Amino acid sequence: MSSKERILGRVRRALADVRQDDTPYEQAVQRGYLREHGERSVEQTVDLLAENLADYRAIVHRSDADGLAGLIARLLRERAATTVLVPPGLDPGWLAATDVGQVPDRAESTPLELDRVDSVVTACAVAIAETGTIVLDASPDQGRRRITLVPDHHICVVRVPDQVVASVPQALERLDPSRPLTWISGPSATSDIELDRVEGVHGPRTLEVVLVD
C-alpha cells in the first residue's frame, strides 16, 4: 500500500459517519453579489480597461486588425528585439511585418533559453475592465504559462470587444477552471517594507497590451 492510498483510506474512514450534503454545489453558496458595478456601454467598458491597465503601468495601444502587424513590428523594433517567442496557435499574420527571429514554444526549452529571448507575443482568454486584468489560459494562441513569465517583454493582444468583460464574475463564466490560468494585472512587480517598487521579479518587466478593434 502506498502512502497516498494509506492517507486516502484514513480520510474515507473519518468521513464514514458524515451525512451526505444534499444541497447541489450551485445552490450551496448564495451569489447575490453585484456582477457589474454600474452600467456602461461597450466603448466605456473598453475605455475603463485601458485606464486600469495603464494605472497598473502596462503600456496600452489601440489598433484595428489591418494595422496590428505593423504595430507589433514597431513595438519589437523599439525594444531592439532580435528574437520573439511565438505560441503554436498564434495568428501568423500578426508577425508578418517583422523580420525578428521567431522562437517556437517548445516543451524542452529550458528557463535559461527562455530568458535569452527578447520578447513574447500572445493573445489572451479574457480581459477584465474593472480590475485591469488580462487572463491567459494556455490556449494555442497563448502558449505555455512559462513563456509569459520568463521573457522580459510581453506583448498581449486583446480582441475588442469580444474578449472584454466588465467584472471578475463575468470573466469566470468564460473560463475553464481546469485549465492553467494566469491572471496578469500590469507588469510583474513587488515592493519591500519601505515600499520601494521593483519590477520584473515574477514575470516580464514590460507589459504592452494591444486592444484590437
Dipole magnitude of the stretch 1-49 about its Cα centre (Cβ charges: Lys, Arg +1; Asp, Glu -1), debye to nearest 20: 640 debye
Potential lengthening between R57 and R10 on full extension [0.36 nm per residue; Cα-Cα distance subtracted]: 12.0 nm
Degrees, to the nearest 10: 68-78 long Cα axis against longest axis of the chain: 80 degrees
Of all DSSP beta bridges with both partners in the chain, the antiparallel percent, nearest 5, is 30 percent
Summed over the other residues with a beta carbon less than 15 angstrom from that of R144, with K and R at +1 and D and E at -1, the charge totals -2
In the stretch 104-213, what % of DSSP beta bridges are antiparallel (nearest 5)? 45 percent
What do you get for the angle between helix 42-55 and the principal long axis of the chain? Use alpha-carbon atoms, 0 to 90 degrees, nearest ten. 80 degrees
How many percent of the accessible area of the chain is carbon or sulfur, using a 1.4 Å probe? 51 percent
Within the set of other residues whose C-beta is less than 13 Å from the C-beta of L53, count the net charge using Lys and Arg as +1 and Asp and Glu as -1. -3
Paramagnetic reach from L172 (point 7 Å along Cα→Cβ, amide N under 20 Å) across the stretch 26-63: 26-38
Only four residue types carry charge here, +1 at the Cβ of Lys and Arg and -1 at the Cβ of Asp and Glu. Report the dipole size of the chain about the Cα centre in Debye, rounded to the nearest 20. 960 debye
How would the stretch 8-77 be classified by its alpha-carbon gyration tensor: rounded, prolate or oblate, with rounded meaning a/c under 1.5 and the a/b versus b/c comparison settling the rest? prolate
Per residue, how many Å² of accessible area does the chain show with a 1.4 Å probe? 59 Å²
So for R0 = 22 Å, FRET eff. of R205-R106 from the Cβ-Cβ r, to 0.05, ends up at 0.40
With labels modelled as points extended 7 Å from the Cα through the Cβ direction, what inter-label distance (nm, one decimal) is found for A97 paired with W183? 3.4 nm
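The values are calculated or read from the model by the stated rules, or taken from the named source; none is laboratory data. As the structure is a computational prediction, the values presented were derived from the model and not from experiment. A quick note on method: Cβ atoms are made from the backbone with ideal geometry, for glycine too, and the neighbour counts reach across all protein chains shown. Protein only, heavy atoms only, side chains kept; ligands, DNA and RNA dropped before computing areas. Shrake-Rupley method; radii C 1.70, N 1.55, O 1.52, S 1.80 Å.
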